[in-house]
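Presented below is the structure to which this report refers.
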Amino acid sequence: MSLRSLPKTVWLLGAISLLNDSASELVYPLLPLYLSSVMLAGPRFLGLMEGVAESMTAVLKLVSGALSDRFATRKLPAVLGYTFAALARPMYALVSTALGVFALRILDRLGKALRSAPRDALLSESVPASQRGLAFGLHRSMDHAGAVIGPLLAYALIAGGADIQQVLMWALLPGALCVFLAIQIKEGAPADTGAKAVQRNWQWRTLPSPFKRYLITLAIFSLGNSSNMFLLLRARDLGLSMSQSLLCWALMAAVATVLTTPLASWSDRIGRKPLLVAGWTLYAALYLAFALVPSSITALVLMFCGIGLVSAATEGVEKALVADVLDPAQKGSAFGWFYLASGLPLLPASWLFGEIWERVSPLAAFGASALCAACAALLMLFWVPVARSVTAAR
């Protein structure tokens, strides 16, 4: 299947994510540096902030997805979600305390909670099963392209003499464009029109057993998937400047941009499991490397590229697997459960990572994350029953 065969809705959702992530990644890499240098908040506060923000919104993602099934609308929660995020990001420049940053981070994540499951359900309904990997891969690639643009724009502004507050205000422009495009979304009938209608029920006991196993395995991986902000802190500890950190962040996103679409599309042919197992195994190896690497710019550049490769191999594939499992009438709820399983463990993940970093060592913190990823890879390989390919599954 070629990119040209994808419907307009897929491209529109991709453009929205590109703009949204441009705004997000203009802000996101600066927050740990902003908190530590201006507000004197360390890894412990950063871990608590990220954990609380992500875990609180994980529950709301399930609610938002279930409601989008019940009321058969994906557009309204998506538009509201992008609007909340667009309002929150430039306001970071206006607050003067770490608690103010904390509150805005939660508002930003609430926006993500509202939009994520309905948007992914809309994306999966726009294409047939044979194109799910391709569609989710393109969407993630465009999202990552925004993650290249944002840090590069921040780098250019800082190199031109702007301070952090001025850079943060620039997030207003792509955020506003994102909301404008979200309003243009048109909902239509699901592509899988021949699917048998089922009762809309989002309770755990009604989910298929293979899907439950997948969610449990995903939760274990997420327990070790602490905020990427810690990678920036680690890079700073190893000698990278603010501008070098922004460039590494942009390079990581560039790798994901280039590779996500072909790798996710490949999963349409070989199945989802091989890529997930390989990606999670590589994640474990890279986190051990972040713990053990000496102060080497070359090594750090390669490791940030490796994290980009992990994102490319897993993010679109994880979502395509969700769309493979459940009936179209339950897709909003299915993606809600996906986000709950991947988001709720982020509170202990980021909080514990920060605590272990400060109380023990960075080696122990990165090692614990690597262990969780390795366990998830083994469970995915031997415990989660997934068909080899989409064709076989159907």
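For residue 69, indicate whether it is closer than 23 Å to residue 181 by Cα, within 17 Å of the chain's Cα centre (by Cα) and acidic (Asp, Glu). It is false that residue 69 is closer than 23 Å to residue 181 by Cα, within 17 Å of the chain's Cα centre (by Cα) and acidic (Asp, Glu). With respect to residue 109, is the statement that it is crowded, with 21+ Cβ neighbours inside 10 Å, in contact with a helix residue (DSSP H, G or I) (Cβ under 6 Å, 6 or more places away or on another chain) and over 20 Å from residue 46 (Cα atoms) true? The answer is no for residue 109. Would segment 358-367 turn up any residue that is surrounded by 24 or more Cβ atoms within 10 Å (Cβ to Cβ) and under 30 Å from residue 209 (Cβ atoms)? No, the conditions are met nowhere in segment 358-367. In the set (1) in contact with a Ser or Thr (Cβ under 9 Å, 6 or more places away or on another chain); (2) more than 30 Å from residue 131 (Cα to Cα); (3) part of a helix (DSSP H, G or I); (4) modelled with pLDDT under 80, residue 65 fails one condition alone, (2). Inspection of segment 115-134 identifies no residue that is modelled with pLDDT of 90 or more, hydroxyl-bearing (Ser, Thr, Tyr) and buried (at least 21 other Cβ atoms within 10 Å of the Cβ).
Residue 209 satisfies every condition listed in (1) polar (S, T, N, Q); (2) out of contact with any Ser or Thr (no Cβ under 6 Å at 6 or more places or on another chain); (3) surrounded by 18 or more Cβ atoms within 10 Å (Cβ to Cβ) except (3). Looking only at residues in segment 222-277 that are farther than 26 Å from residue 18 by Cα and of a type in the set (Lys, Arg), which one is surrounded by the most Cβ atoms within 10 Å (Cβ to Cβ)? Per the stated criteria, the residue is 234.
Checking each residue in segment 196-233 for being among the charged types (D, E, K, R) and at pLDDT below 80 picks out 196, 200, 205. In segment 141-148 there is at least one residue that is part of a helix (DSSP H, G or I), closer than 27 Å to residue 100 by Cβ, touching an Asp or Glu at 6+ places or on another chain (Cβ under 9 Å) and not acidic (Asp, Glu). A Cβ distance below 8 Å, combined with a sequence gap of six or more or placement on separate chains, defines the contacts here; from segment 261-285, residues that are more than 14 Å from residue 371 (Cα to Cα) reach residues that are among the aromatic types (Phe, Trp, Tyr) and crowded, with 22+ Cβ neighbours inside 10 Å in the pairs 264/136. Just to verify a result, which residue in segment 259-280, among those that are polar (S, T, N, Q) and over 18 Å from the mean Cα position of the chain (by Cα), is farthest from residue 222 (Cα to Cα)? Per the stated criteria, the residue is 265.
Close contacts from segment 101-125, counting a first residue that is touching a residue at least 12 places away in the same chain (Cβ under 8 Å) and more than 16 Å from residue 135 (Cβ to Cβ) and a second that is assigned to a helix (DSSP H, G or I) and of a type in the set (Val, Ile, Thr), with Cβ to Cβ under 6 Å and a gap of 6+ residues or different chains, come to 109/57; 110/57; 113/57. Would you confirm, using the coordinates I've provided, whether residue 41 is surrounded by fewer than 24 Cβ atoms within 10 Å (Cβ to Cβ), closer than 26 Å to residue 164 by Cβ and either touching a helix residue (DSSP H, G or I) at 6+ places or on another chain (Cβ under 8 Å) or modelled with pLDDT under 75 (or both)? Yes; evaluated as a whole, the condition is true for this residue. Pairs meeting the criteria (first residue in segment 302-327 and surrounded by 24 or more Cβ atoms within 10 Å (Cβ to Cβ), second residue acidic (Asp, Glu), beta carbons under 9 Å, at least 6 apart or on different chains) are 319/120; 320/268; 322/120; 323/120; 323/125. Is there a residue being of a type in the set (A, V, I, L, M, F, W, C), modelled with pLDDT of 85 or more and closer than 23 Å to residue 272 by Cβ anywhere in segment 156-177? No, segment 156-177 contains no residue that is of a type in the set (A, V, I, L, M, F, W, C), modelled with pLDDT of 85 or more and closer than 23 Å to residue 272 by Cβ.
The values are calculated or read from the model by the stated rules, or taken from the named source; none is laboratory data. Predicted, not measured: the structure shown is a model, and the values here were computed from it. Because the Cβ atoms are built from the backbone with ideal geometry, glycine has one as well, and the counts that use them run over all protein chains shown.
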